[in-house]
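Just so you know, all these numbers are worked out from the coordinates, no wet-lab data involved. What you see is a predicted model, and the numbers here were worked out from it, not measured in a lab. Here the Cβ positions follow ideal geometry from the backbone for every residue, glycine too, while neighbour counts run over all protein chains shown.
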Amino acid sequence: MKNLYFGKTFDFRHGAMSFPGAMSFPGALVFLLAFAAYIVVAITPAQAETRWVSDVPIMDELEIIVDLGFSFDSPNGRIIGIFATSDADMAMVKGFYDTALQALGWVWQNDGWYRGSEKLSLTRADTSFGSVWRLMVQPR
């Protein structure tokens with residue numbers, strides 16, 4: 001005794017169900033493995049995303065001091081001041097910015113990074129509450 005129900009046949013005597021055009025076992029296995037790989041990639045958290053101020057990347061170890069920052073356009077180009085605190089040492093911070101800024105087209109020359117008509121400088125000042133880092137983007 002078989003009934004047709006939405007393209008499926010069901011044999012009530014044997015409890016068997018068949019699907020027209022069903023996949024073979026190897027085909028189903030490949031599909032399941034591909035689907036599992038997709039799910040793993042889709043739900044795996046991405047590496048921490050880089051924070052940005054304008055188009056300047058901010059190192060994760062830097063805590064921005066919002067009240068000190070500024071940004072404006074001048075007749076000669078934009079001027080951006082970013083201030084942050086951190087316990088990271090100069091080598092670590094400089095290493096991050098060497099890598100990140102080079103990938104963005106900035107080139108290190110003597111006292112800062114240069115790209116087009118702009119200069120980005122990084123300086124550190126030691127204060128009573130720790131190191132304060134200043135990143136400045138300004139016209140050359």
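Odds and ends about this structure:
- Residue that is surrounded by the fewest Cβ atoms within 10 Å (Cβ to Cβ), among those in region 97-112 that are small (G, A, S) and over 16 Å from the mean Cα position of the chain (by Cα): G105
- Scanning region 58-70 for residues that are part of a strand (DSSP E or B) and exposed (fewer than 13 other Cβ atoms within 10 Å of the Cβ) turns up just one, F70.
- Under the condition of being within 20 Å of D87 (Cα to Cα), outside any strand (DSSP E or B) and of a type in the set (G, A, S), the residues counted in region 98-140 number 2.
- Selection within region 97-112 - free of Cβ contacts under 8 Å to residues at least 12 places away in the same chain and closer than 25 Å to V66 by Cβ: G112
- Filtered residues of region 113-131 (kept if more than 18 Å from S71 (Cβ to Cβ) and touching a strand residue (DSSP E or B) at 6+ places or on another chain (Cβ under 9 Å)): Y114, R124, A125, D126, T127, F129, G130, S131
- Single residue of region 71-96 satisfying the filter (part of a helix (DSSP H, G or I) and free of Cβ contacts under 8 Å to residues at least 40 places away in the same chain) that is surrounded by the most Cβ atoms within 10 Å (Cβ to Cβ): F96
- Residue that is nearest to M92 (Cα to Cα) [pool: residues in region 118-129 that are surrounded by 11 or more Cβ atoms within 10 Å (Cβ to Cβ) and touching a residue at least 40 places away in the same chain (Cβ under 8 Å)]: L120
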